[in-house]
Amino acid sequence: MSVAGPRAATRPDAPTWTVRGQGTLPTLFRQVVRERAAQVAMREKSLGIWRSITWREYGERAKHVGLGLVALGLRPRDVVSIVADNCPEWLYTDLGTISVGGVTNGIYTTDSPRQVEYIVNDSGTRFFFAENEEQLDKILEVRARCPQLVKIFVYDMDGLHGFQDDQVMPFEALLELGARYERDHPGAFDPLVEIAQPEDLAILVYTSGTTGPPKGAMLSHRNILFQLGYADFITEPREGDQQLSFLPLAHVAERTFSVFYPLYSGATVNFAESIDTVPENIREVAPAVFFAVPRIWEKFYSSMALRMREATPLGKLAYGWAIRVGMRMAERRLEGRRPTMSLALLYRLADALVLDNVKRALGLSRARGAVTGAAPIAPELIRWYLALGIDMREVYGQTENCGLATAMPAGRIKLGTVGVARPGTEVRISPAGEILLKGPHVFLGYYKNREKTAETVTDGWLHTGDVGCLDEDGFLTITDRMKDIIITAGGKNITPSEIENQLKFSPFIADAIVIGDQRKFLSCLVMIDHETVAQFAQEQNVPFTNFASLCRAKEVQDLIGGEIERVNKQLARVETIKKFRLIEQILTPEDEELTPTMKLKRTFVNSKYKDVIDGMYAEA
């Protein structure tokens, strides 16, 4: 198959593949620890107080993790798996393992024991780190079928004080073992740091497995450092910058943002207490750069829409005026034109009176950059954030290219696109319409899976599985996943993600799956936003006892129906939604319907709700 396409976009001004003169993560980490020793590297909240950890402490603990593993028999290229929520210990384990020649692999905390077993065996994991009793139970349940597993470590021993198992060791005991190994073997650490070479495997990142068993994407030191060479694309880092870590570290985007980006920027990583406390934690941290998936940005917007429903008439009037002024400023920016002096002054007034308060309520008052990625987002949502004065830009990439492939340039934003190729990246469109990528960030392949690797990378070009197009200025537009394109019974090709994005712009709709492949019309399954719909029901005196009864209420059905009709008016007739059903269950990343980045799994949802879907078409 030819990979050449009718259009190509290339950014030839590729940065060097070293950061601060270092070509691997271990040597970069060692240098950064020495240079920033007393500066704050990270903070976590304990008993209501943010507690700081310096780079020196970070380096010492990571070193002792690495040396402790060496004392227990870790060999170069051995795989170490971590299943834990975001915390300092995750980072100590990650960089400690890499620093002694090991390979780290993150496992989602929502994975079942069966999934943990598969990944541990597929990766050949020899050392396993569990956050707490809950995660420990998963590996204990399956360890008899994991013969290569040597040792299991536990970060939080609460509830395990009387627990005894020869294969299980508290994390603190590992640190003590590493410190003792350093005393007994002076100077042993630095030679280990030098083991890794730029082309060596550094980390494994397992794909979500929505189209089959998860596959371990192999990312090298060069892949990661090449990405760091363009880490200032949103904003130049400044001393004292804060960032919030809350998305799963098993995902390549958060791993890059929380673990690797601070090696370049020096930013302080603040760990959210939980996904539920993110709104509170972001207000406390007020990050300089904030990365989130679209679902988080949608929730922020929905929360503000909810506040406005409860606001006084004067508050609603002031917000409406300020947003209109902000929209005019955003339009000027999108058109590449400077605002008039009168508009600039009017915007400063709107910001001082209203918009700054909105940004403070969201925790984004100090944000110099906001990044959205990992899933499509409605252009209208980006426009709203730009109206607030938040520099939001969309990026595109995937695990197999170590995160970033394209990004929206600051000087020219084209809504509906994901920007232009990052420096050193080539983007092409294949004759079949598939987006192809080439550059030093393309992964080494899938772990122990040559067949899938050969299908995914040909002649150095990564086949993304996404359908898209390039315009004459090199801006990339993604229309959908190749496997998700709907072909109706009438032979019409429909890209469902465009319709779904418009639906999700509604504050009442959390997510939606459009259905219609080989069907005579389109339908959809809708996941409502519990908070905003419950608020609506209370305002309208709609009785409900639980989530299912809320979904079944006629007023709620009419509300969602109205939101769908609003979107239908913007669509061609063949694209309109004729029927819908609500998913009568509150979904979290623990549920199989959702990916760890909170996207509905199209294939799984189509299978699980087959009877519901068939029912919509049986009624027609």
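The values are calculated or read from the model by the stated rules, or taken from the named source; none is laboratory data. Everything quoted here is computed from the prediction, not taken from an experiment. When we count neighbours, we look across all protein chains shown, and the Cβ atoms used for this are built from the backbone with ideal geometry, even at glycine. Heavy atoms of the whole protein, side chains included, go into the accessibility calculation; ligands, DNA and RNA do not. Shrake-Rupley method; radii C 1.70, N 1.55, O 1.52, S 1.80 Å.
Return the residues of the stretch 77-115 that are modelled with pLDDT of 95 or more and in a helix (DSSP H, G or I); say none if nothing qualifies.
P88, E89, W90, L91, Y92, T93, D94, L95, G96, T97, I98, S99
Name the single residue, out of those in the stretch 98-122 being in contact with a Leu (Cβ under 8 Å, 6 or more places away or on another chain) and either open to solvent by 30 Å² or more (accessible area, probe 1.4 Å) or hydroxyl-bearing (S, T, Y) (or both), that is nearest to R145 (Cα to Cα).
T104
Assuming E273 fulfils every condition listed in (1) farther than 19 Å from Q242 by Cβ; (2) open to solvent by 40 Å² or more (accessible area, probe 1.4 Å) apart from one, which condition is it?
(1)
Do you know which of the residues in the stretch 428-470 that are among the hydrophobic types (A, V, I, L, M, F, W, C), open to solvent by less than 50 Å² (accessible area, probe 1.4 Å) and more than 19 Å from N223 (Cα to Cα) is modelled with the lowest pLDDT?
V467
Considering only residues that are in contact (Cβ under 8 Å) with a residue 40 or more places away in the chain and farther than 23 Å from Q197 by Cα, which ones fall in the stretch 17-51?
Hits for the stretch 17-51 are R36, Q39, V40, A41, M42, R43, E44, K45, W50.
Residues that are more than 23 Å from S497 (Cα to Cα), in contact with a strand residue (DSSP E or B) (Cβ under 9 Å, 6 or more places away or on another chain) and open to solvent by 20 Å² or more (accessible area, probe 1.4 Å): does the stretch 340-354 have at least one?
Taking every residue of the stretch 340-354 in turn, none turns out to be more than 23 Å from S497 (Cα to Cα), in contact with a strand residue (DSSP E or B) (Cβ under 9 Å, 6 or more places away or on another chain) and open to solvent by 20 Å² or more (accessible area, probe 1.4 Å).
From the residues in the stretch 390-416 that are touching a Leu at 6+ places or on another chain (Cβ under 6 Å) and assigned to a loop (DSSP other than H, G, I, E, B), which one is nearest to F290 (Cα to Cα)?
Here the residue is I390.
So the check is Cβ under 7 Å with 6+ separation or different chains; which pairs have a first residue in the stretch 333-349 that's over 20 Å from R393 (Cβ atoms) and a second one that's of a type outside the set (D, E)?
Pairs found: L343/R328; L343/M329; L346/V325.
Considering each residue of the stretch 253-270, count those that are open to solvent by 10 Å² or more (accessible area, probe 1.4 Å) and either within 15 Å of the chain's Cα centre (by Cα) or of a type in the set (D, E) (or both), and give that number.
Here the count works out to 4.
Kindly list, by first and then second residue, each pair from a residue in the stretch 272-283 that is over 18 Å from R360 (Cβ atoms) to a residue that is open to solvent by 90 Å² or more (accessible area, probe 1.4 Å), limited to pairs with Cβ atoms under 8 Å and residues at least 6 apart or on different chains.
Cβ pairs passing all conditions: none.
Please enumerate the residues belonging to the stretch 190-214 that are more than 18 Å from the chain's Cα centre (by Cα) and open to solvent by less than 40 Å² (accessible area, probe 1.4 Å).
Selection gives L192, V193, A196, L201, A202, G212.
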